[in-house]
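Chemist: Got a structure for you, written out below as structure tokens; questions coming shortly.
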Amino acid sequence: MTRLSSAVRGLITLLAALLAVTAASATARATTEPKAPNDFVALSTVDPTIIQEMRYFTVHNFVGERIDGYRQPICILTRPAAEALHQAQTELRSQGYTLKVYDCYRPQRAVNHFVRWAEDLDDQAMKGEFYPNVDKTRLFEDGYIAEKSGHSRGSTMDLTIAKLPARPTRPYQPGEPLVPCFAPQDERFPDNSVDMGTGFDCFDTLAHTLDPRIQGQQRANRLLLKGTLENLGFVNLAEEWWHYTFKPEPYPDTYFDFPVSWKSLISGD
């Protein structure tokens, strides 16, 4: 009986030690999670009227699953970029429009997730919508995927324009039929934005901002977004009508990896 009790006590001591090590490890991870610098803000605290549809927090993106590092569906930006967007929103609202952001600050771990996905040539679940005409072996060579992203510096965002009043876009249902991102607007996945000629994150040359095949109202919509933002210091990426960077960037050479969450914006523990 004494031997059994000693063995039980030893086992209890061992389990307690293991639990202590596990708890200490979890605490260490929690305290070492990177935080945002003080001049990063949630866009909603600067302008709550800008619509946020944070695609990488959802499964409706070219990967087909929530992307690493997106813990909450919020847009985080450097304060100068957020304040400039507020100015753009003021101008657009006076014309009956609103801005809508799809992505803002993007942690490096999310970019790493994109790279892993691009290297897995067997995973083509979302090809039918986002890259129907592009061979996945060419995603790096054609510049659709890269190991670094300007989004990780905090002053780049992906956005569009919606007509007011803007009704919410219905949620994407995993497994629903996919329609090419360059199909006519009434055929592709519904979006409450104006018609830009392609959907967001369309891996196709038709998404080039000034592609000559985009004409009429679609071109006018792209130019409205482009003209409004460029007048306030934003620079467009010519290959993506939705991609803009506010200049000068506060962190032109720094790629951050703090998670997209409210907690990242709170100083201290």
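Read-outs: derived from the displayed coordinates by stated rules, not from any lab. Note that the structure is predicted; figures quoted are calculated from it, not measured. Here the Cβ positions follow ideal geometry from the backbone for every residue, glycine too, while neighbour counts run over all protein chains shown.
Chemist: To the nearest 20 debye, what is the magnitude of the charge dipole of the chain about its Cα centre, counting +1 on the Cβ of each Lys and Arg and -1 on the Cβ of each Asp and Glu?
Modeler: Charge dipole of the chain: 920 debye, to the nearest 20.
Chemist: Additional query: Could you size up the charge dipole of segment 53-112 around its Cα centre, putting +1 on the beta carbon of Lys and Arg and -1 on that of Asp and Glu, and report it in debye to the nearest 20?
Modeler: Using only the charged Cβ atoms, the result is roughly 120 debye.
Chemist: In addition: Just to be sure I understand the rule: take each whole DSSP H helix in the chain, project its Cα atoms onto its long axis, keep it if the span is 30 Å or more and its mean Kyte-Doolittle hydropathy is at least 0.5. Which ones pass?
Modeler: Once both thresholds are applied, what remains is 2-32.
Chemist: Enumerate the whole-percent occupancy of each 5 Å bin, from 0 to the last occupied one, for all C-alpha pair distances of segment 130-269.
Modeler: Spelled out bin by bin, segment 130-269 gives 2, 9, 15, 18, 18, 18, 12, 6, 2, 1, 0 percent.
Chemist: Mind checking which aspartates and glutamates have their Cα closer than 13 Å to the Cα of Lys136? Skip sequence neighbours fewer than 8 apart in that chain.
Modeler: Glu119, Asp120, Asp122, Asp123, Asp204
Chemist: For segment 149-155, take each phi angle, set θ = phi - 60°, evaluate the Karplus expression 6.51 cos²θ - 1.76 cosθ + 1.60, and give the result in whole Hz per residue in order, putting x for glycine and proline.
Modeler: Per-residue couplings from phi come out as 9, x, 4, 6, 8, x, 10 Hz.
Chemist: Considering the options Thr160, Tyr144, Leu232, tell which one lies farthest towards the positive end of the dipole of segment 93-239, charges being +1 on Lys and Arg and -1 on Asp and Glu at the Cβ, about the Cα centre.
Modeler: Selected residue: Leu232.
Chemist: Starting at the first residue of segment 138-145, write each ³J(HN,Hα) from the Karplus equation 6.51 cos²θ - 1.76 cosθ + 1.60 with θ = phi - 60°, in whole Hz, x for Gly and Pro.
Modeler: Each residue's phi maps through the Karplus curve to give 9, 4, 6, 4, 7, x, 6, 10 Hz.
Chemist: Could you work out the pair-distance distribution P(r) of the chain from its alpha-carbon pairs, with 5 angstrom bin width and percents rounded to whole numbers?
Modeler: Answer for the chain: a P(r) of 1, 6, 11, 16, 17, 16, 11, 7, 4, 3, 3, 2, 2, 1, 1, 1, 0, 0 percent.
Chemist: Could you sort the peptides 157-168, 114-125 by per-residue average Cβ neighbour count (10 Å cutoff), highest mean leading?
Modeler: In descending order of packing, they fall as 157-168, 114-125.
Chemist: Taking only DSSP H segments of four or more residues, each worth -39500 (n - 2.57), what value at 222 nm results for the chain once the sum is divided by all its residues, to the nearest 500 deg cm²/dmol?
Modeler: Per the formula, -9500 deg cm²/dmol.
Chemist: So which aspartates and glutamates pass the test for Lys247, namely a Cα distance under 12 Å, with those fewer than 8 places away in the same chain ruled out?
Modeler: Cross-link targets: Glu230.
Chemist: Step through the residues of segment 38-49 one at a time and calculate ³J(HN,Hα) from phi using the Karplus curve (6.51 cos²θ - 1.76 cosθ + 1.60, θ = phi - 60°), rounding each to whole Hz and writing x for Gly and Pro.
Modeler: 5, 8, 9, 9, 7, 4, 5, 7, 9, 8, x, 8
Chemist: Let me ask something else. Within the set Lys148/Lys263; Lys163/Lys226; Lys100/Lys148, which residue pairs have Cα atoms separated by over 22 Å?
Modeler: From the list (Lys148/Lys263; Lys163/Lys226; Lys100/Lys148), the Cα-Cα distance tops 22 Å for Lys148/Lys263; Lys100/Lys148.
Chemist: Shifting gears a bit: Rounded to the nearest angstrom and ordered from largest down, what semi-axes does the equivalent ellipsoid of segment 17-172 get from its C-alpha gyration tensor (root of 5λ)?
Modeler: After scaling each eigenvalue by five and taking roots: 29, 25, 15 Å.
Chemist: Additional query: Where does the Debye-calculated log10 I(q)/I(0) of segment 136-183 sit at q = 0.20 Å⁻¹, using only Cα point scatterers of equal weight, no solvent?
Modeler: -1.12
Chemist: Name every cysteine in the chain that ends up alone, with no second cysteine's Cβ under 4.7 Å, or say none.
Modeler: none
Chemist: Let me ask something additional. Given a cut-off of under 8 Å on Cα pairs at least six residues apart, what relative contact order in percent is computed for segment 198-269?
Modeler: So the answer I get is 25 percent.
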